[in-house]
Every structure is written in C-alpha cells, then in structure tokens.
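A.B. asks: First the structure, then my questions, so here it is.
The values are calculated or read from the model by the stated rules, or taken from the named source; none is laboratory data. Values in this document were obtained by computation on a predicted structure and should not be read as measured data. So basically every Cβ, Gly included, is an ideal-geometry build from the backbone, and we count neighbours across all protein chains shown.
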Amino acid sequence: MDSWNTPKWVMDIFKDWFDPCPLNDNPKIDGLNIEWKDKTYVNPPYSNPLPWVEKAIEENKKGKTIVMLLNVDTSTRWFAKLNEANAHFLWFSERLKFSGKDASPRPSMLVVLDGDYLVDLEESKEKGK
C-alpha cells in the first residue's frame with residue numbers, strides 16, 4: 001500500500017489547510033473530482049502522483065495556493081509539469097520519518113504552487129501590454 005501518513009510536524013504547519021487526499025484506504029470522496037480550497041495541502045499516493053499534480057496545477061490557475069508532499073524525482077513527467085507551472089521546490093535535508101513508519105526509502109520535498117504569485121504574474125503581463 002502506498003498510504004503514508006504525513007509526519008505530525010508537517011501536518012501541524014498545514015493544520016488549517018484543506019486536504020483533498022487524507023490518509024484513508026477507503027475514501028468516501030474523490031479528491032480529484034471536487035473543488036479545492038484557497039489553501040490546500042496534498043500528500044498524494046506516491047505510486048501515481050500525476051493526476052494529483054495535474055489537479056493541483058488546474059486549481060492553482062484559479063489563484064489557489066497548493067502545497068504537495070512528494071518524492072524527489074526530477075526525471076518524471078509530473079515533475080516537469082510542476083516546473084513548467086513555476087512551482088517552488090523545497091527539499092528536505094534528510095529522509096522524512098512518516099508517522100507510524102520508518103524513514104522514507106526516498107527523499108521527499110514540498111512543492112508550492114503559490115496562488116498569489118500566479119495572480120501577480122498575470123497582472124504584470126497585463127501591465128506590459
């Protein structure tokens with residue numbers, strides 16, 4: 001199973017943020033098919049983050065700030081999409097220890113799609129016309 005509970009200290013940072021992908025092996029809501037909030041934190045299934053990344057980029061285009069906890073893997077299509085979307089990548093200096101498990105077998109990162117940055121960018125483009 002690739003359900004990894006976000007470390008408590010990370011969850012504490014995002015405790016008031018919407019989570020469309022909470023740890024639940026039998027979710028009642030499909031987080032990919034609902035509207036996300038202005039501040040959304042996502043720890044998607046690591047086996048297939050691409051649909052979550054695409055949804056995050058879509059929601060970010062609406063001016064929302066999205067933070068994702070992902071594996072560090074710069075060779076993937078989903079990483080390229082995040083890079084093209086002007087995401088900010090915050091690397092952890094050590095392997096995360098997920099709640100209830102040993103340290104992650106892979107390095108992790110927080111990816112930030114800043115809604116305010118996108119709005120500012122669009123306004124700058126408009127002023128330049």
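A.B. asks: Name the single residue that is nearest to the chain's Cα centre (by Cα) among those in region 34-53 being surrounded by 24 or more Cβ atoms within 10 Å (Cβ to Cβ) and among the β-branched types (Val, Ile, Thr).
C.D. replies: 42
A.B. asks: Residue 20: within 15 Å of the chain's Cα centre (by Cα), surrounded by 21 or more Cβ atoms within 10 Å (Cβ to Cβ), under 20 Å from residue 91 (Cα atoms) and at pLDDT below 95, yes or no?
C.D. replies: Against the criterion (within 15 Å of the chain's Cα centre (by Cα), surrounded by 21 or more Cβ atoms within 10 Å (Cβ to Cβ), under 20 Å from residue 91 (Cα atoms) and at pLDDT below 95), residue 20 does not qualify.
A.B. asks: Among the listed residues 52, 78, 9, which satisfies the condition of being part of a helix (DSSP H, G or I) and in contact with a helix residue (DSSP H, G or I) (Cβ under 6 Å, 6 or more places away or on another chain)?
C.D. replies: 78
A.B. asks: Show the residue pairs meeting these rules: Cβ distance below 6 Å; 6+ apart or different chains; first residue within region 34-62 and over 24 Å from residue 9 (Cβ atoms); second residue assigned to a loop (DSSP other than H, G, I, E, B).
C.D. replies: Cβ pairs passing all conditions: 47/2; 57/85; 59/36.
A.B. asks: Looking at region 98-121 only, could you name the residues that are at pLDDT below 85 and part of a strand (DSSP E or B)?
C.D. replies: Correct list: 99, 103.
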